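S.K.: One structure is given below, represented as structure tokens, and several questions about it will come after.
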Amino acid sequence: MTEKKGKAVLAYSGGLDTSVAVMWLTEQGYDVITMTADVGQKDVDLQSAKAKALHSGAIKAYIFDLKKTFVENYVYPSLKANAMYQGTYPLVSALSRPLIAKTLVDIANKEGAVAVAHGCTGKGQDQVRIEVCATALNPNIKVLAPVRDWHFSREAEMEYAAKHGIPVKANVGSPYSIDDNLWGRSIECGLLEDPWNEPPEDAYEMTANPLEGPDAPEFIEITFEHGVPVALNGERMHGVDLILKLNAIAGKHGIGRVDMVEDRLVGFKSREVYECPGSSTLLAAHRAMETLTLDKQVLKTKRELEVRFAELTYEGYWFSPLRDAINAFINDTQQYVSGTVKMRLFKGQAVVRGLKANKTVYRHDLATYSAGDAFDHSAAVGFINIWGLPVRTWTATYPRHDEAETPIEA
Ligand code: ARG
């Protein structure tokens, strides 16, 4: 008899790894409680995950539809922050991990569990995010990573599963490692590991080949209130529905395919492919809306903080004092970000084609070159005199010796 170690709450997908993890943790003496969440991933069946978890030996199986929570508490802050890691990746997988970690810890606290557990391997960053987030929320919780620690080969795992009567689907063996949710889809491994290889079409699921998208452009309107999208083409709907709809519309036009070499937190570079039809369209629209509604200095500082927000999220510091502080700054700015963006979707590109807002610091009477110009032209003289003062003073003190750009001949 192994000694009883207490309860462990396992993030359970229903796949081979986590099913084997249920048995394995049970053998180690844990009472395993599973947690399966729907964050908008394609292949999710909460009821059958629950049945399978219990069949694999879990003492209890929690299932949650977390799409609304994911959108409101993780996607929206990230959208408000225009967050893209290294300016390119909309943080698809990096955003769901803090939510998964939080849910594991919430259950652990309620159940009096001693540990939380996940099925990540030892090479990725999702392990870092889940563990750093979980212990940030509860420094006393133990984190178990059976798949990282047990050193089973794929075959040994299958054998172990069969021996314990865990039903495993015939291994269809996708050539890629996939993680998806409402905000997009991450595709890694296989052929993609050579950055010279163009990603094959079979890597994509949410997006059409942009070259084969519809031959006519499609115009859409996205309405924001306080930084959050509230309507698509004038129809009000919750963010979950809006993102799902936009994934379909933008996906049809092949929008949001990302192909990059990414600097991983764990120290190496990795070639990564993403599909982000809805998120990349919303991020482009939101960024543009801010240019119409935010003050120049606020915008400048916000753009700097956005980079940090994305890095902190990517690196597992979602629950950290700096992310909290930057989030507070960003939220303050978003009270002004309301209005409608017109986007044109065509052959892989979502382009902003119009902006309007009820309240805006864009002043047509100041901007116009036509009749009604309210800009004080005479004030330019004094302004230029003072604006140029430092550089004139400098040259008067240290004469410049720039050569002529071209021989000066008549
Ligand atoms: N490189 C991406 C990230 O770190 C994708 C991770 C995908 N996760 C996975 N388990 N396949 O956010």
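Laboratory data are not the source of any read-out in this text; all were calculated from the coordinates shown. Please read these numbers as outputs of a predicted model, since none were measured by experiment. In this analysis, Cβ positions are derived from the backbone assuming ideal geometry, glycine residues included, and neighbour counts consider all displayed protein chains.
S.K.: Around R344, what is the net charge, scoring Lys/Arg as +1 and Asp/Glu as -1 over all other residues with Cβ under 15 Å from its Cβ?
M.R.: That works out to +1.
S.K.: Per DSSP helix of 4 or more residues, -39500 (n - 2.57); summed, then divided by the residues of the chain. What does that give at 222 nm, rounded to the nearest 500?
M.R.: -12000 deg cm²/dmol
S.K.: When the Debye formula is applied to the Cα atoms of the chain, each taken as the same point scatterer, what base-10 log of I(q)/I(0) results at q = 0.09, 0.11 Å⁻¹?
M.R.: -0.65, -0.89
S.K.: Quickly work out the H401-to-I59 label distance, labels modelled 7 Å from Cα along the C-beta direction, and quote it in nm with one decimal.
M.R.: Reported label-point gap for I59 and H401 is 8.3 nm.
S.K.: Could you give each residue of segment 237-254 its phi-based ³J(HN,Hα) in whole Hz, using Karplus coefficients 6.51, -1.76, 1.60 with θ = phi - 60°, and x for Gly or Pro?
M.R.: Listing the rounded values in order: 7, 5, x, 4, 5, 4, 5, 4, 4, 5, 4, 5, 5, 6, x, 4, 8, x Hz.
S.K.: What longest region of the chain stays clear of trypsin sites (Lys or Arg not before Pro) that DSSP places outside H, G, I, E and B and that have at most 14 other Cβ atoms within 10 Å?
M.R.: The reported range is 170-358.
S.K.: Suppose we keep just the DSSP beta bridges with both residues in segment 7-135; what percent of those would be antiparallel, to 5?
M.R.: 5 percent
S.K.: Not counting the cut sites, what is the longest span of the chain without GluC sites (Glu not before Pro) that DSSP labels loop and that have at most 16 other Cβ atoms within 10 Å?
M.R.: 4-204
S.K.: Taking the Cβ of L46 as the center, what net charge do the other residues with Cβ under 9 Å away carry, scoring Lys and Arg +1 and Asp and Glu -1?
M.R.: Residues close to L46 contribute a combined charge of -2.
S.K.: Quickly work out the D194-to-V391 label distance, labels modelled 7 Å from Cα along the C-beta direction, and quote it in nm with one decimal.
M.R.: Placing both labels 7 Å along Cα→Cβ, they lie 5.1 nm apart.
S.K.: Between exposed chymotrypsin sites (Phe, Trp or Tyr not before Pro) in the chain, where DSSP calls loop and at most 11 other Cβ atoms lie within 10 Å, what's the longest gap?
M.R.: For chymotrypsin sites (Phe, Trp or Tyr not before Pro) (loop position, at most 11 other Cβ atoms within 10 Å), the longest site-free span of the chain is 1-195.
S.K.: How about K245: which lysines have a C-alpha closer than 23 Å to its C-alpha, ignoring those fewer than 8 places off in the same chain?
M.R.: Cα-Cα hits under 23 Å: K42, K67, K68, K80, K342, K347, K356.
S.K.: Output wanted: per-residue J couplings in Hz (rounded whole) for segment 152-157, from phi through Karplus 6.51 cos²θ - 1.76 cosθ + 1.60, θ = phi - 60°, x for Gly and Pro.
M.R.: Per-residue couplings from phi come out as 7, 7, 4, 5, 4, 5 Hz.
S.K.: Need the C-alpha centroid separation for segment 324-356 versus segment 83-129, integer Å.
M.R.: 27 Å
S.K.: By how many nm would the segment from A410 to A367 lengthen if fully extended, with 0.36 nm per residue of separation less the alpha-carbon distance?
M.R.: 11.6 nm
S.K.: So, one more: What angle, in degrees between 0 and 90 and rounded to the nearest 10, separates the Cα long axis of helix 126-137 from the longest principal axis of the Cα atoms of the chain?
M.R.: 90 degrees
S.K.: Grab every C-alpha pair in segment 282-410, bin the distances at 5 angstrom width from 0 up to the longest one, and report whole percents.
M.R.: 2, 8, 10, 11, 12, 12, 12, 11, 10, 8, 3, 1, 0, 0
S.K.: Label 7 Å along Cα→Cβ of S174; segment 203-236 residues with amide nitrogen under 17 Å?
M.R.: In segment 203-236, the label zone of S174 (backbone N under 17 Å from the point 7 Å along Cα→Cβ) covers 203-208.
S.K.: Give, in nm to one decimal, the length gained when the segment between A216 and K163 is fully stretched (0.36 nm per residue of separation minus the Cα-Cα distance).
M.R.: 13.5 nm
S.K.: Quick check: net charge around D31, other residues with Cβ under 10 Å of its Cβ, Lys/Arg +1 and Asp/Glu -1?
M.R.: Result for the local shell: +3.
S.K.: Taking the Cα atoms only, what angle lies between the long axis of helix 46-55 and the longest principal axis of the chain, rounded to 10 degrees?
M.R.: Its long axis makes an angle of about 30 degrees.
S.K.: Relative to the longest principal axis of the C-alpha atoms of the chain, give the angle of the C-alpha long axis of helix 277-293, reported between 0 and 90° and rounded to the nearest 10°.
M.R.: 30 degrees
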